[in-house]
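Notes for the one structure printed next.
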Amino acid sequence: MLAIPFLTQLDSRAAVKGSRDPLGVQPIWSRLGRHVVGNLTTVSNSVTDFTVLLLGYYFAERVAAETQSAEYVTTFLKWEQLAAYARASRNNERSFRGTERVALRLAKPGIVLLGTDSDAQILSNQKIYGLWGLYSVPAKASGLLEGNPVHLTPVARQLVEKVHLPLLETVGLRGVRGLVDHLGREHGTLDLKEGGRDEALLDAIARVLEKLRAPERALYREHLLHGGPGDRETTRGLQRVFADVLEGTLDDPDWQLTPESLQRLAWRARDQGAVGEALANRLERIRACELLIAPAVALFEHVLRHEGQSVQAIARGIQELWGTAPRETIDLRATEDIELELRAGTGEPESGARWMRLARALHGGDYEEAIRLVLEQNATIMNARGDAAPWARIAEGKLHVNLRDDSSPRSPSGEQLPLYWRHAYFIESLRNVAFALRA
């Protein structure tokens, strides 16, 4: 049996959700989610990270112009590293990307490198897994970046120059001028020792990032929370209403995204006029989708744990686990309405038809058929990707597993299925932004 490889010393926040996706559900939920959240991704959910991003683009452009250097990305990565050390050491942040390596270096404060060398980077591949790789596209979709080469939009540049740079002018070493020189050095270093030469620099960067000012809050509300000018083409105003509806959940510390909580959001949306009605319809389509694909993924993961068993034996175990619960959770009529979206995994009508057969099998408690269908879906997805073999197959009446994800969660019980939720639809990201921007 093959095992999934893993890397040591890799920041846990570097993993992008849905990167394996054996049933091809990511294109499905992404397509549905984009109707209500047009600009954010599953990982671009920190307002502070967007501030670091905008400042990084500003300094990269300025250093390139003043030094005639083509090392645009290098400057950005150095700035991201500076910001990370300030956030951790001064603001006690522990949620940014790269936090583990930064914490290790702060535990033994001294002189650290800034740059693209492996000893300087705060992630295994900072360009890909850091803000440059993960936040640039959503910032562009939000109207904060534009063009080729990519640069700040006028509103983003005004925010940086009118709000952020004045705060950085308090830095020693000639304020912003000194910071630009610092980032432009070919071999950059940072002194992390208490009372070291860069203490004022870290203090100033931390001051910029420690809280949101009124101009930032207003700009980010329009561009991040409400989707920016591009929202006219993406959600057509649904994201603004959705953000307003989500804000009603922010005072509930126990709120979780479930089929039930999403249904309540749809009910609230219907009170918001025609746009709210359209939003409610989209949310109900998301709910119908998740009530199918979440247990389908759980079923596939459950099957992979039963190497060498017969389909009948595996099905009996699922019957004991779930009973008739899917009959109460899967709405066949609502699922039929999203059959076109269910084709998104491969783009082929057969894929949508297979998902519908799976919905009927689960709804009717035919778990042997459901097992065969999830294995067929996996084989189809692997073939479409050009992979050599499916994760598992049935041969001579027994299950043969080629690849198993040992990190998969425990299978939900029948009692848990009505509230079971697995996929993002970008909803939590929007709620995180709403939480950060609340007055």
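Note on Ala218 and Asp191: the model spin-label points, each 7 Å out from Cα along the C-beta direction, lie 4.0 nm apart.
Restricting the calculation to Cα atoms, the chain shows an Rg/Rh of 1.02 when the hydrodynamic-style radius is the Kirkwood one. Convex hull of alpha carbon positions in the stretch 286-419: directionally averaged projected area 7.7 nm².
Between Ser69 and Asn281, the C-beta separation translates, for a Förster distance of 41 Å, into a calculated FRET efficiency of about 0.20.
Spatially, the stretch 102-181 and the stretch 389-439 are offset by 33 Å when compared through their Cα centroids. Counting only other residues whose beta carbon sits under 15 Å from that of Ala370, what net charge do I get with K and R as +1, D and E as -1? Surrounding charge for Ala370 is 0. The dipole here belongs to the stretch 180-314: it is taken about the Cα centre, uses +1 on the Cβ of Lys and Arg and -1 on the Cβ of Asp and Glu, and is about 520 debye. For the stretch 295-355 and the stretch 24-73, what is the separation of their C-alpha centers, rounded to whole Å? A separation of 35 Å, based on Cα centres. The count of lysine pairs in the chain with alpha-carbon distances below 26 Å, taking only pairs 8 or more places apart or on different chains, stands at 16. Residue separation of Arg207 and Ala334 scaled by 0.36 nm, minus their Cα-Cα distance, works out to 40.7 nm of gained length. Helices of the chain meeting both criteria, an alpha-carbon length of 24 angstrom or more along the long axis and an average Kyte-Doolittle score not below 0.0, with helices taken as full DSSP H segments, are 47-67, 72-89, 273-304.
Note on Thr170 and Asp254: the model spin-label points, each 7 Å out from Cα along the C-beta direction, lie 4.2 nm apart. For the peptides 112-125, 348-361, residues were scored by their other Cβ atoms within 10 Å and the scores averaged per peptide; the highest-first order is 348-361, 112-125. Using only side-chain charges placed at the Cβ, +1 for Lys and Arg and -1 for Asp and Glu, the dipole size of the chain relative to its Cα centre rounds to 440 debye. The modelled label-to-label distance between Arg316 and Phe435, using points 7 Å beyond Cα along the C-beta direction, is 4.5 nm.
Peptides 138-148, 286-296, 400-410 ranked from most to least packed give 286-296, 138-148, 400-410, packing being the mean of other C-beta atoms within 10 angstrom over each peptide's residues.
Readers should treat all values here as calculations from the given coordinates under stated rules, not as data from a laboratory. All values reported here derive from a predicted model rather than from experimental measurement. So basically every Cβ, Gly included, is an ideal-geometry build from the backbone, and we count neighbours across all protein chains shown.
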